Amino acid sequence: MKKSMNQIYKKIIKQSKEKFYFEDFFVSNEVRAKIEIFQINLILVLWCLKKLKLPESNISFLISMFLKDLEVLLYELGEAESRIPRKIRKMTENFYGRLVSYSLEFDNVIEKKSEKIGLKLKANFKEEKIDYKKFSKYLRSNVKHLSKLNKYNLDQVSFFKYKKL
C-alpha cells in the first residue's frame, strides 16, 4: 500500500501545480499560496481516504510526507535552521486545524447541509483578488467526485476534476 500512497501523493503534487488556480481563480503565485493549494488538495484526499475507511497508517503516511516536504521547503527558502522546528510545529498545528475544518465542510456538502467553504478559503488565503466563488465550486465538485470513489482502484483513478467555469 505504501507504493499506492506514493502514487496518490504524486497526484496531489501534480494537481497542486495546475495553472488554473492562478489563471482562473487568481491565486497569487507566492510560496504561501502554493502551500495552501497543496494543503487543500491533500485534505480533499485525506477526507476521501477516511470516508473509504482506509487504515490510519495510510493517512498518517501521507501527512508525514507532507510535513517532510515542508521541512525541506523551509531549508530551501533559507530559513534559519534553529527556527525550522518551531515553524514546522506551527504549520502542523495549522494544517490539522484546516483538516478538521475543511473535512466538516466537505461532510456538509455530501449531506446537502449549509456549508461555508468560501469563508474557509478566505480565512486561509487572505487574498482579495481570488475568485472564491469559483474556487468553492471547484472544491464542491471534487468533494462529490471523491465521494464516489472506491478503495480498490485509488492509485488508478483521477482524484481531481476541473472544468472551466
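The values are calculated or read from the model by the stated rules, or taken from the named source; none is laboratory data. Only a predicted model underlies this, so the values are computations on that prediction, with no experimental measurement involved. Here the Cβ is made from the backbone with ideal geometry for all residues, glycine too, and neighbour counts use every protein chain on show. Just the protein is used for accessible areas: all its heavy atoms, side chains included, with ligands, DNA and RNA removed. Shrake-Rupley method; radii C 1.70, N 1.55, O 1.52, S 1.80 Å.
Loop-located GluC sites (Glu not before Pro) across the range 99-152 with a Cβ neighbour count of 10 or fewer within 10 Å are E111, E128, with loop assigned by DSSP. Counting other Cβ atoms within 10 Å, keep those with at most 10, restrict to DSSP loop, and tell me which chymotrypsin sites (Phe, Trp or Tyr not before Pro) in the range 1-68 are left. Passing sites in the range 1-68 do not exist. Please find the FRET efficiency linking F26 to N6, where r is the Cβ-Cβ separation and R0 is fixed at 25 Å, and quote it to the nearest 0.05. Computed FRET efficiency for F26 and N6 comes out at 0.20. Between the amide H of D24 and any residue lying 5 or more places away or on another chain, no distance stays under 5 Å, with hydrogens modeled in the peptide plane. Surface composition of the chain: carbon and sulfur atoms hold 53% of the protein heavy-atom accessible area at a 1.4 Å probe.
Ranked from highest to lowest mean number of other Cβ atoms within 10 Å per residue, what is the order of the peptides 2-8, 137-143? Write out the running numbers ahead of the final one.
Values: 2-8: 14.9, 137-143: 19.9.
Going from most to least packed, we get 137-143, 2-8.
Using just the C-alpha positions of the chain as equal point scatterers, what log10 of I(q)/I(0) does the Debye formula give at each q in 0.15, 0.17 1/Å? Values, matching the q order: -0.85, -1.10.
Roughly how many Å² is the accessible area per residue of the range 75-116, as a whole number, for a 1.4 Å probe?
Numbers: 2970 Å² over 42 residues.
About 71 Å² of surface per residue is accessible.
Helix-derived [θ] at 222 nm for the chain: sum -39500 (n - 2.57) over DSSP H runs of at least 4, divide by residue count, nearest 500? Before the final figure, lay out each step's value.
Values: 7 runs with 112 residues, N = 165.
So the helix-based figure for the chain works out to -22500 deg cm²/dmol.
Please sort by residue number the trypsin sites (Lys or Arg not before Pro) in the range 68-103 whose DSSP state is loop and whose Cβ has at most 14 other Cβ atoms within 10 Å. In loop regions of the range 68-103 (DSSP not H, G, I, E or B), the sparsely surrounded trypsin sites (Lys or Arg not before Pro) are R83.
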